[in-house]
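Engineer: Supplied in structure tokens, the structure appears directly below.
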Amino acid sequence: MTGELRRSLKVYCADIGSIAGGKFGWAAKSRDISISGTSIEELALSVAHDLDADSAVALGFECPLFVPIVAEPSRLGCARDGEGARPWSANAGASSLATGLVQVAWLLGRIKAHASGSHHAHLDWAAFATGYRGLFLWEAFVSGTSKRGSHVDDAAAAVDAFYEALPDPRSCVRSADAYSLVGAALLRTGWTADVAILSEPCLVIRAAAHLS
């Protein structure tokens, strides 16, 4: 990634969870500031403001954003590469996926509504890094020993992991036959009309173990 993009990049992450139950939190970081909160509306407003200011924005979600559609039927629902003992289809993963289906779509719709300019959304890092602007969407993987004391802290851990992966973030989870849930949300909210995005996996960043 060029120095210009690195200077303008602002990284956000939303820790997906029940808003009514107080289990939603977000954090953001740029070269100059770090901010956080628990309001999903404030998150949407902040991202829209940064996009309109021509900042490059990377927005992550701590929930599965794509699932594999594998050829072998006995492996349908199995863990994605890199997930280990915490597959997307079991317990916490399945719960956050269901909650994320509505929260991700709501956020993308709200960001688009609040932003006054016309902005592009990206799932491909190379395309995003070349353009110097727009919205890059990624999945955060914060689990087990990488979790911290609160939902805001978990979001901050994912943001830190993204920054540590720069200048060239790499995916810890890959899928050649992805069904993109975030791609469906982008279609639903009018960010794109290209149905090919439904087969595009996104970058996944795994947070490091937390040393208490």
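Engineer: Out of Ala140, Ala126, Ala156, report the one residue that is outside any loop (DSSP other than H, G, I, E, B) and either among the acidic types (Asp, Glu) or open to solvent by 40 Å² or more (accessible area, probe 1.4 Å) (or both).
Structural biologist: Just a single option satisfies the conditions, and that option is Ala126.
Engineer: Let me ask another. Inside the range 98-110, can you point out the residues that are of a type outside the set (Lys, Arg), in contact (Cβ under 8 Å) with a residue 60 or more places away in the chain and open to solvent by 30 Å² or more (accessible area, probe 1.4 Å)?
Structural biologist: Residues satisfying the conditions are Thr99, Leu101, Trp106.
Engineer: What are the pairs, 6+ residues apart or on separate chains, where a residue within the range 130-154 that is farther than 14 Å from Cys13 by Cβ and at pLDDT below 90 has its Cβ under 6 Å from a residue that is in a helix (DSSP H, G or I) and open to solvent by 10 Å² or more (accessible area, probe 1.4 Å)?
Structural biologist: From residues that are farther than 14 Å from Cys13 by Cβ and at pLDDT below 90, there are no pairs.
Engineer: So, one more: Restricting the search to the range 176-202, which residues are over 16 Å from Ala105 (Cβ atoms) and touching a Lys or Arg at 6+ places or on another chain (Cβ under 7 Å)?
Structural biologist: Residue satisfying the conditions is Pro201 alone.
Engineer: State all residues of the range 114-123 that are small (Gly, Ala, Ser) and either free of Cβ contacts under 8 Å to residues at least 60 places away in the same chain or crowded, with 16+ Cβ neighbours inside 10 Å (or both); if no residue qualifies, say none.
Structural biologist: Ala115, Ser118, Ala121
Engineer: Here's something else I'd like to know. Could you count how many residues in the range 22-81 are in contact with a Phe, Trp or Tyr (Cβ under 9 Å, 6 or more places away or on another chain) and assigned to a helix (DSSP H, G or I)?
Structural biologist: 7
The values are calculated or read from the model by the stated rules, or taken from the named source; none is laboratory data. For clarity, every value in this text was computed on a predicted model and none was experimentally measured. Using ideal geometry, Cβ is built from the backbone for each residue, glycine included, and neighbour counts are taken over all protein chains shown. These accessible areas exclude ligands, DNA and RNA; they are computed on the full protein's heavy atoms, side chains included. Shrake-Rupley method; radii C 1.70, N 1.55, O 1.52, S 1.80 Å.
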